[in-house]
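Shown next, in structure tokens, is the structure this report addresses.
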Amino acid sequence: MAETVTQLLLERAGDDNVAIIGDNTRRTWRDHIADARRMASAVLSLADPQRPMHVGTLLGNTTTMVTALAAGALGGYVTAGINNTRRGDALAGDIDRADCQILLTDAEHRDLLTGLELPGVTVIDTSTEEWSHRVDAAGELVPFSTPGAMDPFMLIFTSGTSGNPKPVRLAHMLIPFAGPPLVDKFGITSDDVCYLSMPLFHSAALLGGYSVAATAGAAIVPARFSASTFLDDVRRHGVTFMNYVGKPLAYILATPERPDDADNPLRAAFGNEATDQDIADFARRFDCRVWDGYGSSELAIIVTREPGTPTGSIGKGFPGVAVYDPVTTTECARARFNAGGALINADEAIGELVNTSGAGMFTGYYNDEATTGERLRDGMYWSGDLAYKDDNDWIYLAGRTGDWMRVDGENMTAGPIERVLQRIPGISQVAVYGVPDDRVGDAVMAAIVLDDDATIDPDDFAAALAAQPDLSPKAWPRYVRIATTLPTTATNKIVKRQLKSEGATPGDGTLWVRPDRAHRYHVSTATPAPE
């Protein structure tokens with residue numbers, strides 16, 4: 001069995017099944033491996049072997065990006081996935097932090113580099129004839145190294161929802177480790193077509209999509225995610241499997257439903273962070289199976305949904321996964337609920353999700369021992385995610401460590417409130433966060449995006465809240481922002497720190513306000529926040 005991406009790909013070197021499907025091209029696995037070997041040879045001809053052999057990719061989800069991933073594995077060098085939504089100094093900083101000596105880009109992204117200082121970086125525009133000629137003329141590949149299982153295949157930057165993105169060392173072994181269970185679970189074969197529309201510079205697409213195709217020898221459709229064209233893509237390319245991370249299911253479900261939506265070849269969707277309602281609605285609407293799990297870029301904690309997972313839970317953790325108090329470094333009390341299902345001991349039950357066994361599959365942040373040490377304390381891995389666990393070991397997320405709010409003398413977190421609001425018909429996305437209270441502590445604020453054809457008024461919203469038995473009166477949002485969009489990362493995670501910085505304002509939308517202890521909302525006349 002393959003232990004590295006290199007070995008996994010070499011097993012496909014003589015495979016004449018389709019590997020990549022583009023709008024205007026089809027490449028077999030045999031062709032794909034040959035393309036990647038030539039690219040690797042061309043890259044190495046420009047590299048300095050005395051420097052870290054790190055090659056950045058500032059590319060979208062294209063055939064070139066898929067080939068670049070394979071080239072790094074076959075060439076024995078490290079690919080650094082550069083987030084193509086970053087700009088200016090932040091983008092230059094990522095390239096520098098990853099120690100890229102070569103950066104592959106294309107016509108779509110090269111202008112992002114204009115004016116940036118990138119000392120020591122050789123920038124290659126892969127869309128030029130000059131590069132095509134160099135690749136065509138490349139000699140036989142002599143790999144820089146033969147990677148081992150724990151050697152880095154890629155540097156993957158964290159999503160950056162709670163701070164500056166950090167480059168995680170993604171070990172080679174993780175691709176052949178992640179692929180087989182998903183292949184077995186969904187019955188994926190070389191006849192399947194895998195839709196990869198999540199960013200290939202991030203671990204979610206690699207472990208939840210690329211690994212599946214490489215393991216089964218299935219075809220890859222690299223694509224730019226679009227809710228409006230999703231179903232057309234699925235039908236045109238014969239897509240049978242897709243992966244997602246963050247809010248894509250919600251985006252797709254927000255588009256108007258049609259009677260023939262279920263008439264498509266899609267069999268399975270795998271990903272993380274979808275809501276219970278979105279999972280059920282997507283499976284029904286598109287007649288497919290949806291399996292959602294928990295994961296992070298660091299891959300130190302694994303939680304999977306099992307049959308019987310309660311509503312709101314993300315499942316059960318692998319051995320060692322627990323919820324700990326970061327101050328006392330002891331396990332938190334088990335969650336207790338009232339008759340309506342509301343958590344009644346948040347103060348003692350909510351803590352940080354940890355791996356008590358150690359780092360799991362996390363091999364550290366590249367060139368950042370201090371931050372690695374913050375994650376690995378007291379012999380455990382600390383995720384930064386708040387959670388609670390019930391008596392049956394079901395785990396529930398409660399937000400990030402910055403999501404604590406002190407409301408009217410009571411500690412509460414965003415996650416449970418968000419799960420309640422997501423039940424309300426017509427709501428596509430929601431983010432709950434604290435803003436300063438007029439007197440002391442925090443006031444709860446919710447930013448909401450509606451489905452494309454949905455409407456809601458303040459009275460209907462208040463009535464919906466009153467109908468939720470597990471929503472504490474203190475958890476009712478004081479402020480509700482009806483938005484057209486919410487700020488997100490490239491991996492579709494909502495950036496709450498930006499919303500918090502804007503405070504109790506309508507942004508580019510509408511603001512509803514609920515007076516203290518009242519149960520009705522009125523539309524605020526506050527001036528929208530400047531753009």
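The values are calculated or read from the model by the stated rules, or taken from the named source; none is laboratory data. This is a predicted model, so every value here is computed, not measured. Here Cβ is always computed from backbone atoms with ideal geometry, including for glycine, and neighbour counts include all displayed protein chains.
Kindly provide the set of residues from region 241-267 that are among the basic types (Lys, Arg) and either within 29 Å of Thr189 (Cβ to Cβ) or not assigned by TED's automatic domain parsing to the domain that holds Phe230 (or both), ordered by number.
Arg267
Of everything in region 27-53 that's free of Cβ contacts under 8 Å to residues at least 24 places away in the same chain and not in a helix (DSSP H, G or I), which residue is farthest from the chain's Cα centre (by Cα)?
Restricting to residues being free of Cβ contacts under 8 Å to residues at least 24 places away in the same chain and not in a helix (DSSP H, G or I), the top hit is Gln50.
Would you check which residues across region 194-204 are crowded, with 24+ Cβ neighbours inside 10 Å and within 16 Å of Val221 (Cβ to Cβ) and list them?
Residues satisfying the conditions are Cys194, Tyr195, Leu196, Met198, Pro199, Leu200.
Suppose we keep only residues that are among the acidic types (Asp, Glu) and part of a loop (DSSP other than H, G, I, E, B) within region 379-406. Which one would you say is surrounded by the most Cβ atoms within 10 Å (Cβ to Cβ)?
Step one: of region 379-406, the residues among the acidic types (Asp, Glu) are 385, 390-391, 393, 403.
Subset that is part of a loop (DSSP other than H, G, I, E, B): 390-391, 393.
Values: Asp390: 16, Asp391: 8, Asp393: 13.
Among those that are among the acidic types (Asp, Glu) and part of a loop (DSSP other than H, G, I, E, B), it is Asp390.
Given the options Phe282, Phe201, Phe270, Phe286, name the one that is closer than 23 Å to Leu59 by Cα and either without any contact (Cβ under 8 Å) to a residue 60 or more places away in the chain or outside the structural domain of Thr363 (by TED's automatic domain parsing) (or both).
Exactly one residue qualifies, and that residue is Phe201.
Starting from region 315-330, take each residue that is free of Cβ contacts under 8 Å to residues at least 40 places away in the same chain and in the same structural domain as Asp385 (by TED's automatic domain parsing) and list its partners that are aromatic (Phe, Trp, Tyr) and surrounded by 15 or more Cβ atoms within 10 Å (Cβ to Cβ), counting only C-beta distances under 9 angstrom and pairs at least six apart or across chains.
Thr330/Tyr324
From Ser211, Ser159, which residue is under 17 Å from the mean Cα position of the chain (by Cα) and within 23 Å of Ile21 (Cβ to Cβ)?
Ser211
Which ones in region 509-525 are over 27 Å from Ala346 (Cβ atoms) and either hydroxyl-bearing (Ser, Thr, Tyr) or touching a Pro at 6+ places or on another chain (Cβ under 6 Å) (or both)?
Thr510, Ser524, Thr525
Can you say whether Tyr388 is closer than 20 Å to Val303 by Cβ and either of a type in the set (S, T, N, Q) or modelled with pLDDT of 90 or more (or both), as far as the supplied structure shows?
yes
Residue by residue, here is whether (1) surrounded by fewer than 15 Cβ atoms within 10 Å (Cβ to Cβ); (2) out of contact with any helix residue (DSSP H, G or I) (no Cβ under 8 Å at 6 or more places or on another chain); (3) under 21 Å from Ala70 (Cβ atoms); (4) outside the structural domain of Ala73 (by TED's automatic domain parsing) holds:
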| residue | (1), (2), (3), (4) |
| --- | --- |
| Gly120 | yes, yes, no, no |
| Val135 | no, no, yes, no |
| Pro143 | no, no, yes, no |
| Met150 | yes, yes, yes, no |
| Ile156 | no, no, yes, no |
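On the given criteria, is Leu103 touching a Lys or Arg at 6+ places or on another chain (Cβ under 6 Å) and buried (at least 21 other Cβ atoms within 10 Å of the Cβ)?
On the way: touching a Lys or Arg at 6+ places or on another chain (Cβ under 6 Å): no; buried (at least 21 other Cβ atoms within 10 Å of the Cβ): yes.
Answer is no for this residue.
Tell me, which residue of region 30-57 that is over 23 Å from Ala19 (Cβ atoms) and either hydrophobic (A, V, I, L, M, F, W, C) or modelled with pLDDT under 95 (or both) is surrounded by the fewest Cβ atoms within 10 Å (Cβ to Cβ)?
The residue in question is Leu46.
Test Ala71 against the stated conditions and say whether it is farther than 25 Å from Cys100 by Cα and surrounded by 22 or more Cβ atoms within 10 Å (Cβ to Cβ).
no
Taking Arg419 as meeting all but one of (1) more than 18 Å from Pro458 (Cα to Cα); (2) assigned by TED's automatic domain parsing to the domain that holds Leu465; (3) in a strand (DSSP E or B), write down the number of the exception.
(3)
Condition check ((1) outside any loop (DSSP other than H, G, I, E, B); (2) over 30 Å from Gly364 (Cβ atoms)) across all residues:
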position: Pro265; (1), (2): no, yes
position: Gly271; (1), (2): yes, no
position: Ala283; (1), (2): yes, yes
position: Gly293; (1), (2): yes, no
position: Ile301; (1), (2): no, no
position: Pro307; (1), (2): no, yes
position: Gly312; (1), (2): no, yes
position: Lys316; (1), (2): yes, no
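Test of understanding: among Ala443, Ala414, which residue is farther than 30 Å from Leu206 by Cβ and either free of Cβ contacts under 8 Å to residues at least 60 places away in the same chain or among the small types (Gly, Ala, Ser) (or both)?
On the way: Ala414 fails: farther than 30 Å from Leu206 by Cβ.
Only one candidate qualifies: Ala443.
Of all the residues that make up region 387-422, how many are in contact with a helix residue (DSSP H, G or I) (Cβ under 6 Å, 6 or more places away or on another chain) and charged (D, E, K, R)?
Qualifying residue count for the region: 3.
Tell me, which residue of region 227-258 that is free of Cβ contacts under 8 Å to residues at least 24 places away in the same chain and over 30 Å from Asp15 (Cα atoms) is surrounded by the fewest Cβ atoms within 10 Å (Cβ to Cβ)?
Once the filter is applied, the top-ranked residue is Arg258.
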